[in-house]
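Down below is the structure, laid out as structure tokens.
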Amino acid sequence: WYESPRIAADIADVRRIYGKLISAPGTSWSPSMAVLIDEQGSLASIAQKEAGRDFNAYHAMLASSGVPYGQFLADDVLADASALDGVRVVVWFGLRNGGDSVRKAFLARLKSRGVRVILPEELRHLTGRRLHGIALEAGAYVPCGKYGLQVDMNGNFISVHCLRTGHYDFVLPFKADVTNLKTGKRMPAMRSLTLDVTGGETRWYALNEIK
């Protein structure tokens, strides 16, 4: 099946687009929701076969929230918390029994800054729609007030996958020249995008921030 000319052409297009994106200069923008994966707690949970131990099971929920997020190892963030500058929501996977003294102190600092922290017990019962609402309430960057999109993005690129057919007003995190990477259409000096999309449809956009 992978020898189909159409599929081969699609793969070639993706490789071409990826090559351009990977060579683009970095930007200072980053999502304001972060997922921390605590290896120490996760490995212990796996060994003891606890409920909710598999982070992969949460990927669909995180994706369906429509909230862009960064993903980090908890140990890396504990060593250098600058990755969480500007973050309004932290989803902490694998934190067991409140964590050790270092983790408890870090958690207290996050909460003192007004960061909304979601710990494993709450995470087990969370839906994508509820996480979308939590992020809005916490003041995180949520591109669409309406639920129904999966959004993966950084300061150069947006991938939008439609979960629920409809009309969406997609607010950009900054003013930018936007290019539809499928059609090549260029949209200068945009602050938002109007999307009329059907379930299962995916769109890719390149961003060039205007400062």
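Observations
- Number of positions in the stretch 143-154 that are touching an Asp or Glu at 6+ places or on another chain (Cβ under 9 Å) and surrounded by fewer than 19 Cβ atoms within 10 Å (Cβ to Cβ): 2
- Counting the residues of the stretch 118-142 that are open to solvent by less than 60 Å² (accessible area, probe 1.4 Å) and at negative phi gives 15.
- Close contacts from the stretch 118-135, counting a first residue that is more than 17 Å from residue 32 (Cα to Cα) and a second that is among the hydroxyl-bearing types (Ser, Thr, Tyr) and modelled with pLDDT of 90 or more, with Cβ to Cβ under 7 Å and a gap of 6+ residues or different chains, come to 129/147.
- The one condition in (1) in contact (Cβ under 8 Å) with a residue 40 or more places away in the chain; (2) open to solvent by less than 60 Å² (accessible area, probe 1.4 Å) that residue 115 fails to fulfil: (1)
- Within the stretch 136-186, tally of residues that are under 13 Å from residue 63 (Cα atoms) and within 12 Å of the chain's Cα centre (by Cα): 8
The values are calculated or read from the model by the stated rules, or taken from the named source; none is laboratory data. As the structure is a computational prediction, the values presented were derived from the model and not from experiment. Positions of Cβ are generated from backbone atoms using ideal geometry, with glycine treated the same way; all protein chains shown enter the neighbour counts. These area figures cover heavy atoms from the full protein model, side chains too; ligands, DNA and RNA do not enter into them. Shrake-Rupley method; radii C 1.70, N 1.55, O 1.52, S 1.80 Å.
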